[in-house]
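In what follows, a structure is listed as structure tokens, so that the remarks can point back to it.
The values are calculated or read from the model by the stated rules, or taken from the named source; none is laboratory data. These figures come from a predicted structure and were not determined experimentally. As a convention, Cβ positions derive from the backbone with ideal geometry for all residues, glycine included, and neighbour counts pool all protein chains shown. To get the accessible areas, we keep the full protein, side chains included, count just its heavy atoms, and leave off ligands, DNA and RNA. Shrake-Rupley method; radii C 1.70, N 1.55, O 1.52, S 1.80 Å.
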Amino acid sequence: MAPIGTVEIIPVKAEMFARWKTTKENLLFALAPDRLSTLAGLEFGRDDFEFRPTTTGCVDQKALMLANLIREEFRSGEPSNHLYVDSLITVFSTYLLRNYSTLQDQPSRPIRGGLPPKTWRDVENYIRSHIAEPLSIERLARIAGLSPSHFLRAFRQTTGSPPHKFVLATRIETAERMLLTTDMPLARIANLTGFANHSHMTAALKQHRALTPSALRHNRAAE
């Protein structure tokens, strides 16, 4: 009898068996120990920790909210926004460390305001020069010299949007420029701008520019 929002933490390599008499839905996160240790070091300044067992029927509404956001992204039917999913999993993992581990009483590093101008330039330049590659919150946070959770807050305060939306806007902007200034095949442009495929790029342009790549080029030819 596990109510909605129940959190269970199962140690790596541990066996678990459960049986349910009614239909239910689980979201299972397999969090790599080395990634959790790295995240703990960035967030709390130490990578040695242990998870504390949860109580039976432990309901956590904030964990449920984060889990639902991740579920919705995978159920959207479109190519997953890698950086958005990475952001959610980073926030979820940090939340687990802060609330369910021996790091619970470890103070977080305080931060106020957005990214300093030079730091923002470094982050923006990295994004633009690596736009074709999968970007991660951990890598961007390291460039900024911040923990991932602090980076997410400071980035939003600096740009007015979260990293995944800024990166998507940059990819659309770069793809649009290449469509208008080159005759490169669409699949090649999609690859160079970090979209999963030609269809992914087309869907993004239709949603945010109300035009397909072919329509953009047709408009260029007509001018």
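Laid out as a table, the results:
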item	result
Filtered residue count, the stretch 50-77, keeping only those that are open to solvent by less than 50 Å² (accessible area, probe 1.4 Å), farther than 14 Å from LEU88 by Cβ and modelled with pLDDT of 90 or more	1
Residue selected from the stretch 21-49 under the condition over 15 Å from LEU96 (Cβ atoms) and in contact (Cβ under 8 Å) with a residue 12 or more places away in the chain, by the criterion least open to solvent (accessible area, probe 1.4 Å)	GLY45
Matching residues, the stretch 119-149, being of a type in the set (S, T, N, Q), free of Cβ contacts under 8 Å to residues at least 60 places away in the same chain and farther than 12 Å from LEU83 by Cα	THR119, ASN125, SER129
Near pairs, Cβ below 7 angstrom, 6+ apart or cross-chain, from the stretch 159-179 (in contact (Cβ under 8 Å) with a residue 40 or more places away in the chain) to any residue that is open to solvent by less than 30 Å² (accessible area, probe 1.4 Å) and of a type in the set (Gly, Ala, Ser)	PRO162/SER87; PRO163/SER87; HIS164/SER87; LEU168/ALA204; ARG171/GLY194
Filter result for SER101 (farther than 28 Å from ILE172 by Cα, open to solvent by less than 50 Å² (accessible area, probe 1.4 Å) and either touching an Asp or Glu at 6+ places or on another chain (Cβ under 8 Å) or at pLDDT 95 or above (or both))	yes
All positions within the stretch 153-210 that are open to solvent by less than 30 Å² (accessible area, probe 1.4 Å), in a helix (DSSP H, G or I) and more than 18 Å from ALA132 (Cβ to Cβ)	ALA154, PHE155
Selection count where residues are among the charged types (D, E, K, R) and under 20 Å from LYS165 (Cβ atoms), scope the stretch 184-223	2
Pairs, first assigned to a loop (DSSP other than H, G, I, E, B) in the stretch 1-17, second hydroxyl-bearing (Ser, Thr, Tyr) and open to solvent by 50 Å² or more (accessible area, probe 1.4 Å), C-beta under 9 Å, six or more apart	ALA2/THR56
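For (1) of a type outside the set (Asp, Glu); (2) under 13 Å from the mean Cα position of the chain (by Cα), each residue gets a yes or a no:
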site: ILE137; (1), (2): yes, yes
site: LEU140; (1), (2): yes, yes
site: HIS150; (1), (2): yes, no
site: PRO162; (1), (2): yes, yes
site: PHE166; (1), (2): yes, yes
site: ILE172; (1), (2): yes, no
site: GLU176; (1), (2): no, no
